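Trainee: Sharing a structure here in structure tokens format.
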Amino acid sequence: MKPRTFVVCHGAWSAAWAWKKVRPLLRAKGHEIFTPTNTGLGERAHQTGPGVDLEMHIADVLGVIEMEDLEGVVLIGHSYGGMIATGVADRARDRIAQVIYVDAHVPGDGQSLQDITPGRPLNGPAPFTPGGAQQDWLMAPNASPSDTSQEDLAWIAPRRKPQSKATFTQKLILRNGPLKLPRAYVHCTKKDGPDVFAQYRRFKDDPAWVFVEMDASHSPNVTAPEALVDVLLGLVR
């Protein structure tokens, strides 16, 4: 396989740090990988605010693609990052070779994450800032998968940050019509409860998609990085 360039759209409450295990594995095989952190999260948590929305996160990734002058990109969307990846692929079609969704949301035109995850309200307890004030525009992180090791929990727990609710409620507008890029979906099957990503099993019978299942929990970048890299490279066209 010729060297490829991967760009990751990470999941909610996460950041570049969550792909720490995957980066060296792909680079050891001769590939390049960029893992931009979304505004308001990770090392950019100080930039959070009620105005941080989905379009801002799309712009974060588009900025890296443009400034690094990337072409032929294999775009990866994980979880909430599927919302971002869909927007990025829409805006930068000439630079994207393929989109791979890893247990990710796949919105249609005019849909928000909240629209496609019914039964998961955003009105739970609001997190507190370090100063002690409760912020109802933020959504606290959900629980990590039960098979996450204690070592990994100690690593990720202090790094996961509350995320602006506007990122979940803003509707994605596709500016250039339906996507016709090669697309693949990786459905992670090891779930603790209701699987909101099971709806994407419909892609099994869609000739526009390549659909595979992975025996892993929701964040294989943390719990099964070697297996995830094998799956990703097996899907690259």
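Only the coordinates and a few stated rules stand behind these numbers; no lab work does. Nothing here was measured: the structure is a model prediction, and the numbers come from that model. A quick note on method: Cβ atoms are made from the backbone with ideal geometry, for glycine too, and the neighbour counts reach across all protein chains shown.
Trainee: Report the antiparallel proportion of the DSSP beta bridges in the chain as a percent, rounded to a multiple of 5. Mind dumping the intermediate values first?
Mentor: On the way: 4 of 28 bridges.
Of all bridge pairs located within the chain, approximately 15 percent are antiparallel.
Trainee: Considering only Cα-Cα distances, which of the following residue pairs are longer than 25 Å: Lys20/Lys161; Lys2/Lys204; Lys21/Lys190; Lys161/Lys191; Lys20/Lys191?
Mentor: Beyond 25 Å between Cα atoms: Lys2/Lys204.
Trainee: Taking 25 Å as R0, compute the FRET efficiency from the Cβ-Cβ separation of Thr117 and Leu153 and round it to 0.05.
Mentor: So, using R0 = 25 Å, E works out to roughly 0.55.
Trainee: Per residue and in Å³, how big is the convex hull formed by the alpha-carbon atoms of the chain? Before the final figure, lay out the partial values.
Mentor: Working: hull volume 29.0 nm³, N = 237.
Considering the Cα atoms of the chain, their hull volume per residue is 122 Å³.
Trainee: Now, a different point. Among 7-18, 198-209, how do they line up from the highest to the lowest mean number of other beta-carbon atoms within 10 Å?
Mentor: By packing density, highest mean first, the sequence is 7-18, 198-209.
Trainee: Working from Cα positions, state the angle (0 to 90°, nearest 10) between the long axis of helix 54-67 and the longest principal axis of the chain.
Mentor: Helix 54-67 and the main axis of the chain meet at about 50 degrees.
Trainee: Can you tell me the length gained on complete extension of the stretch Arg201 to Lys171, counting 0.36 nm per residue apart and subtracting the Cα distance?
Mentor: 8.5 nm
Trainee: Just for the Cα atoms in the range 3-90, what are the lengths along the principal axes, largest first, rounded to whole Å?
Mentor: Per principal axis, max minus min of the Cα coordinates gives 40, 27, 23 Å.
Trainee: Given charges of +1 on the Cβ of Lys and Arg and -1 on the Cβ of Asp and Glu, with all other atoms neutral, how large is the dipole of the chain about its Cα centre, in debye to the nearest 20?
Mentor: Details: 26 positive and 26 negative charges, 39 e Å.
Approximately 180 debye in magnitude.
Trainee: Still on this model: Angle check, please: helix 225-235 long axis (alpha carbons) against the longest principal axis of the chain (alpha carbons), in degrees 0 to 90, nearest 10.
Mentor: The angle comes out near 40 degrees.
Trainee: Shifting gears a bit: Write down the Å³ per residue value for the convex hull defined by the alpha carbon atoms of the range 178-237.
Mentor: 93 Å³
Trainee: Helix 81-91 versus the longest principal axis of the chain: what is the Cα-based angle in degrees, 0 to 90, to the nearest 10?
Mentor: 60 degrees
Trainee: Run the helix sum for the chain: -39,500 (n - 2.57) per DSSP H stretch of 4+ residues, divided by residue count, reported at 222 nm to the nearest 500 deg cm²/dmol.
Mentor: -7000 deg cm²/dmol
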